[in-house]
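Enquirer: Got a structure here, written out as structure tokens. Questions coming.
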Amino acid sequence: MNVEEYVEVDYGDGFKLNIAKHALAADKIINVPVLKTHSQAKVSLGIKNLKGCINRQSKQFCHGLGNEELSRTFPRIIEKLPVALTIIDGIFTLEKGPGPTGKAFKKDLLIASTDPFACDLVGAEILGYQGKDVAHLTYYADRHGYSLDLSNYEIKGEKIEEHKEYVNYDWKWSEKDTGPAGFEKRGITGLSIRKYDSSLCTGCTGEYNPMLILLGSAYKGESFPNVELISGKQQVASAGFDNTVLFGKCACHLNKDNPNIKNAIALWGCPPDMNKFVETLAKQGIECDYNEYVRFRHYLMDRYKNKAGFDLSYWTIE
């Protein structure tokens with residue numbers, strides 16, 4: 001899909017998305033998402049999985065504000081696609097997705113339906129979330145006249161109660177919104193990182209964890225030089241900081257004339273380049289160790305080695 005043509009599709013009300021021509025031309029689509037939670041959407045199942053059918057610009061658009069907020073944009077993608085069957089792959093489940101920083105565990109479950117919403121509703125329940133507590137599911141239900149009550153659906157096979165298990169979707173942040181809870185435990189001071197929101201799009205989301213790892217590597221026991229880091233399309237730099245890191249093009253544009261900023265450390269890019277991140281911060285006396293991030297990536301994969309239930313042959317295509 002990423003190398004072939006995309007077609008602009010008008011959904012009405014001025015809402016347009018660029019969808020892969022192959023997806024639009026299909027007679028029927030079988031949608032196979034993974035059973036996982038998501039740090040911005042709580043759950044990422046069949047409806048969310050179809051975000052893969054749109055191009056990069058449309059993905060960025062889906063992380064907007066107001067009526068263009070994430071939970072009100074991607075649920076509309078399916079309206080123009082011939083999805084005939086949804087099969088949620090719960091053989092493995094991912095906690096705190098969507099990236100590899102989340103933790104996978106064996107679940108051995110498949111959820112299938114010709115009704116994509118019903119499938120997602122059951123998937124969310126299995127993960128420990130009622131439909132009414134998931135913004136994009138309530139939006140979809142309101143828009144299409146669906147019930148959020150599982151008793152209104154015919155469910156066959158395994159009993160939901162026997163497989164339901166709460167799977168955390170989000171990372172712990174400090175109560176004062178100054179950074180990950182892990183930074184607070186390490187005693188890191190002089191650094192304030194406001195928590196990401198739904199306007200942080202796919203590109204910067206993928207680099208957000210590397211950014212945290214690199215900043216963590218710069219801590220050598222001494223306080224950071226009074227730094228605030230902001231990201232996404234709606235975070236406005238606060239007063240009282242000597243240095244302000246603008247992470248990504250959106251944050252740079254939004255805060256380019258912000259009078260609160262004393263010293264702007266602008267990391268342009270969509271997303272920012274991590275090597276450039278290291279170079280730029282080094283000029284400000286913040287020495288990050290890129291090798292620390294490389295070691296962390298190895299850790300993410302190595303943690304499953306020789307662990308029961310995980311075998312690379314499961315993901316081998318012959």
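The values are calculated or read from the model by the stated rules, or taken from the named source; none is laboratory data. Every value quoted in this text rests on a predicted model; they were computed, and no experiment measured them. So basically every Cβ, Gly included, is an ideal-geometry build from the backbone, and we count neighbours across all protein chains shown.
Enquirer: Sort out which residues of region 33-70 are among the acidic types (Asp, Glu) and either assigned to a helix (DSSP H, G or I) or touching a helix residue (DSSP H, G or I) at 6+ places or on another chain (Cβ under 7 Å) (or both), and write them in order of number.
Expert: We begin by selecting, within region 33-70, every residue among the acidic types (Asp, Glu); these are 68-69.
Result: Glu68, single match.
Enquirer: Take region 64-78 and flag every residue that is surrounded by 15 or more Cβ atoms within 10 Å (Cβ to Cβ) and either among the aromatic types (Phe, Trp, Tyr) or out of contact with any strand residue (DSSP E or B) (no Cβ under 6 Å at 6 or more places or on another chain) (or both).
Expert: As a first pass, look at region 64-78 and keep what is surrounded by 15 or more Cβ atoms within 10 Å (Cβ to Cβ): 64, 69-78.
Passing the criteria: Gly64, Glu69, Leu70, Ser71, Arg72, Thr73, Phe74, Pro75, Ile77, Ile78.
Enquirer: Could you identify the single residue in Ile54, Ile29 that is under 23 Å from the mean Cα position of the chain (by Cα), at pLDDT 95 or above and β-branched (Val, Ile, Thr)? Break it down into steps so the answer makes sense when it comes.
Expert: Details: Ile29 fails: under 23 Å from the mean Cα position of the chain (by Cα).
Every option except Ile54 fails the conditions.
Enquirer: Determine whether region 200-207 contains at least one residue that is modelled with pLDDT under 95 and either surrounded by fewer than 18 Cβ atoms within 10 Å (Cβ to Cβ) or touching a Leu at 6+ places or on another chain (Cβ under 7 Å) (or both).
Expert: yes
Enquirer: If you don't mind, there's one more thing I want to ask. Going through region 135-176 one residue at a time, which ones are among the charged types (D, E, K, R) and farther than 24 Å from Arg194 by Cα?
Expert: Asp142, Arg143, Asp149, Glu154, Lys156, Glu158, Lys159, Glu161, Glu162, Lys164, Glu165
Enquirer: Also, I was wondering about something else. In region 141-153, is there at least one residue being touching a residue at least 40 places away in the same chain (Cβ under 8 Å), in the same structural domain as His38 (by TED's automatic domain parsing), under 19 Å from Ile47 (Cα atoms) and charged (D, E, K, R)?
Expert: Just the residues of region 141-153 that are touching a residue at least 40 places away in the same chain (Cβ under 8 Å), to begin with: 143.
This time we only want the ones that are in the same structural domain as His38 (by TED's automatic domain parsing), so: 143.
Filter once more, keeping what is under 19 Å from Ile47 (Cα atoms): 143.
Imposing the further condition that a residue be charged (D, E, K, R) reduces the set to 143.
Yes, because at least one residue in region 141-153 is touching a residue at least 40 places away in the same chain (Cβ under 8 Å), in the same structural domain as His38 (by TED's automatic domain parsing), under 19 Å from Ile47 (Cα atoms) and charged (D, E, K, R).
Enquirer: Mind checking which residues of region 259-318 are of a type in the set (A, V, I, L, M) and modelled with pLDDT of 90 or more?
Expert: Answer for region 259-318, where residues must be of a type in the set (A, V, I, L, M) and modelled with pLDDT of 90 or more: Ile261, Ala264, Ile265, Ala266, Leu267, Met274, Val278, Leu281, Ala282, Ile286, Val294, Leu300.
Enquirer: Considering only residues of region 106-137 that are more than 25 Å from Pro82 (Cβ to Cβ) and free of Cβ contacts under 8 Å to residues at least 60 places away in the same chain, which is surrounded by the most Cβ atoms within 10 Å (Cβ to Cβ)?
Expert: Glu125
Enquirer: Looking at region 164-175, is at least one residue among the aromatic types (Phe, Trp, Tyr) and surrounded by fewer than 12 Cβ atoms within 10 Å (Cβ to Cβ)?
Expert: Yes: one or more hits.
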